[in-house]
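Accompanying notes for the structure given below.
The values are calculated or read from the model by the stated rules, or taken from the named source; none is laboratory data. Here the structure is a predicted model, which means the values were calculated and not measured. All Cβ positions, glycine included, derive from the backbone under ideal geometry; neighbour counts span all protein chains shown.
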Amino acid sequence: MKNNPRQRNIIILGSAYPLRGGGIATYNERLARAYQQNGDRVTIVTFSLQYPKFLFPGTTQYSTEAPPDDLHIEVLVNSVNPLNWIKVGRLIKKRRPDLLVLRYWIPFMGPCLGTISRIVRRNRHTRIVAIVDNYIPHERRPGDKLFSKYFIKPIHGFVTMSRQVLSDLAKADNKKPRRYCPHPLYDNFGSLQPKAIARERLELPVDGRYLLFFGFIRDYKGLDLLLKAMALPEVVRTNARLIVAGEFYADAKPYHDIIWQHQLAPRVILATEFIPNEAVADYFNAADLVVQPYKDATQSGVTQVAYHFEKPMITTNVGGLSEMVPDGVTGFVVEPEVNDIAKAIERFFDENKEAAFVENIKTEKLKFSWERMLEAIDEVAGDS
């Protein structure tokens with residue numbers, strides 16, 4: 001990590017505790033720790049209300065886990081209250097942080113974050129950088145383009161974690177600095193453990209082959225494709241079982257119908273509730289292969305969890321996913337088609353690819369450091 005000649009005052013504005021972990025909150029908290037390790041003073045400003053109920057498909061937005069004792073988190077932002085945006089903007093403006101880092105993942109947040117940024121800029125000191133997960137959302141709604149344009153105008157620079165999003169941003173604003181930096185490694189979910197230990201903890205038979213689909217279940221993530229692949233002869237004969245670990249953020253009925261229609265129940269383990277951070281390690285350690293059968297994507301934090309736990313992957317050739325998984329090196333990249341997914345699963349087991357892929361992962365994962373992300377943010381922030 002580079003030398004830090006002075007301690008900076010940094011604010012990260014985005015999801016964090018007491019909101020449930022998930023990808024974005026977990027990322028923001030890990031980013032804060034990276035800055036702290038760099039010698040900076042960091043505050044996370046998070047939401048008192050992140051989504052109105054009609055936009056949140058899960059059971060609850062709030063964590064039941066203990067709060068992190070190494071982070072300073074302030075619960076301040078109401079995403080739907082313009083008076084609150086003005087109040088928070090004035091507060092951050094007055095504090096004069098050297099750097100304000102915003103997470104932008106959905107256009108719904110554009111009015112809120114765009115207004116706060118406009119107010120903060122008036123102090124003529126704070127540099128504002130947005131880490132943009134998606135500029136064009138996976139699930140589109142009226143007003144998306146307008147909200148995103150409003151958001152980007154006051155930002156000094158952008159960092160994306162996929163080249164596709166970098167291209168999307170360039171079409172909207174080709175003047176401000178922007179950088180692509182791969183999603184850093186999620187190394188905060190625990191340590192590698194033997195499969196047998198993890199399977200015992202999950203009360204699964206120790207012997208056998210296990211695939212893992214992990215994360216919130218949304219239609220664009222393609223679980224339906226993977227379930228249908230599980231019914232094909234080439235996968236059936238591998239004797240592999242599928243663990244589905246994550247809460248439904250879509251109608252569960254079509255997925256249960258596929259399981260029933262193809263008599264998959266004995267071969268599919270449904271852990272379809274929210275997976276707390278302390279349980280993540282068991283699911284990855286238990287698996288032989290992580291499958292991401294997405295129909296649409298920009299980047300995925302699941303890839304970076306899999307790299308940490310040194311698990312080979314099958315991913316689809318959509319968005320930025322193939323950027324992270326070199327085909328035939330750390331896994332297979334296939335088209336988002338049922339037959340292609342099935343053939344890749346068959347090939348993985350028939351050709352005994354696990355050992356070679358794991359060795360390659362040990363080298364590949366060294367590329368995904370948090371230090372690189374901090375450097376990318378500094379590059380686009382410019383001088384204060």
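Only one of (1) part of a loop (DSSP other than H, G, I, E, B); (2) surrounded by 18 or more Cβ atoms within 10 Å (Cβ to Cβ) is not met by PHE151, so which one is it?
(1)
Can you tell me which residues in segment 244-272 are assigned to a helix (DSSP H, G or I) and either at pLDDT below 95 or of a type in the set (Phe, Trp, Tyr) (or both)?
Step one: of segment 244-272, the residues assigned to a helix (DSSP H, G or I) are 253-261, 265-267.
Within segment 244-272, TYR255, TRP260 meet the criteria.
Give all pairs with beta carbons closer than 9 Å in which a residue from segment 243-258 that is at positive phi meets a residue that is surrounded by fewer than 19 Cβ atoms within 10 Å (Cβ to Cβ) and of a type in the set (Gly, Ala, Ser); count only pairs at least 6 apart in sequence or on separate chains.
Listed by first residue and then by second, the contacts come to GLY246/ALA271.
Just to be sure, is PHE189 under 24 Å from ARG237 (Cβ atoms), of a type in the set (Phe, Trp, Tyr) and under 24 Å from the mean Cα position of the chain (by Cα)? Spell out the reasoning first.
Numbers: under 24 Å from ARG237 (Cβ atoms): no; of a type in the set (Phe, Trp, Tyr): yes; under 24 Å from the mean Cα position of the chain (by Cα): yes.
So PHE189 does not fit the description; no.
Checking ARG124 against (1) in contact (Cβ under 8 Å) with a residue 12 or more places away in the chain; (2) assigned to a loop (DSSP other than H, G, I, E, B); (3) of a type in the set (Lys, Arg), only one condition comes out false. Which one?
Failed condition: (1).
From the list PHE147, PHE158, PHE151, exactly one residue is touching a helix residue (DSSP H, G or I) at 6+ places or on another chain (Cβ under 9 Å), assigned by TED's automatic domain parsing to the domain that holds VAL101 and touching a residue at least 60 places away in the same chain (Cβ under 8 Å). Which is it? Reasoning before the result, please.
Details: PHE147 fails: touching a residue at least 60 places away in the same chain (Cβ under 8 Å); PHE151 fails: touching a residue at least 60 places away in the same chain (Cβ under 8 Å).
Criteria check complete, one pass: PHE158.
Would you mind telling me which numbered condition in (1) at pLDDT 95 or above; (2) within 24 Å of MET161 (Cα to Cα); (3) β-branched (Val, Ile, Thr); (4) out of contact with any Phe, Trp or Tyr (no Cβ under 8 Å at 6 or more places or on another chain) ILE92 fails?
If we test ILE92 against (1) at pLDDT 95 or above; (2) within 24 Å of MET161 (Cα to Cα); (3) β-branched (Val, Ile, Thr); (4) out of contact with any Phe, Trp or Tyr (no Cβ under 8 Å at 6 or more places or on another chain), just (2) comes out false.
Restricting to segment 340-384, and then to whatever is polar (S, T, N, Q) and either in contact with a helix residue (DSSP H, G or I) (Cβ under 8 Å, 6 or more places away or on another chain) or buried (at least 16 other Cβ atoms within 10 Å of the Cβ) (or both), can you tell me which residue is modelled with the lowest pLDDT? Show your work before the answer.
From segment 340-384, those polar (S, T, N, Q) are 352, 360, 363, 369, 384; that's our starting set.
In the following step, the residues that additionally are either in contact with a helix residue (DSSP H, G or I) (Cβ under 8 Å, 6 or more places away or on another chain) or buried (at least 16 other Cβ atoms within 10 Å of the Cβ) (or both) were identified as 360, 369.
Numbers: ASN360: 97, SER369: 91.
Across segment 340-384, the extreme among qualifying residues is SER369.
Quick one: LYS367 ticks every box in (1) touching a residue at least 40 places away in the same chain (Cβ under 8 Å); (2) within 30 Å of VAL206 (Cβ to Cβ); (3) not aromatic (Phe, Trp, Tyr) bar one, so which box is it?
The failed condition is (2).
Only one of these is under 24 Å from GLN7 (Cα atoms), under 21 Å from the mean Cα position of the chain (by Cα) and aliphatic (A, V, I, L, M): LEU91, LEU102, LEU113. Name it. Spell out the reasoning first.
Numbers: LEU91 fails: under 21 Å from the mean Cα position of the chain (by Cα); LEU113 fails: under 24 Å from GLN7 (Cα atoms).
Just one listed residue meets the conditions, LEU102.
Looking at (1) under 29 Å from ASP133 (Cβ atoms); (2) modelled with pLDDT of 95 or more; (3) part of a loop (DSSP other than H, G, I, E, B), which is the one condition that is false for LYS176?
(2)
Looking at segment 210-242, which of its residues are surrounded by fewer than 17 Cβ atoms within 10 Å (Cβ to Cβ) and part of a strand (DSSP E or B)?
Within segment 210-242, none qualify.
Looking at ARG118, ARG103, which is the one that is modelled with pLDDT of 90 or more, basic (Lys, Arg), closer than 18 Å to MET373 by Cα and not in a loop (DSSP other than H, G, I, E, B)? Before the answer, list the steps.
Numbers: ARG118 fails: closer than 18 Å to MET373 by Cα.
Result of the check over ARG118, ARG103: ARG103.
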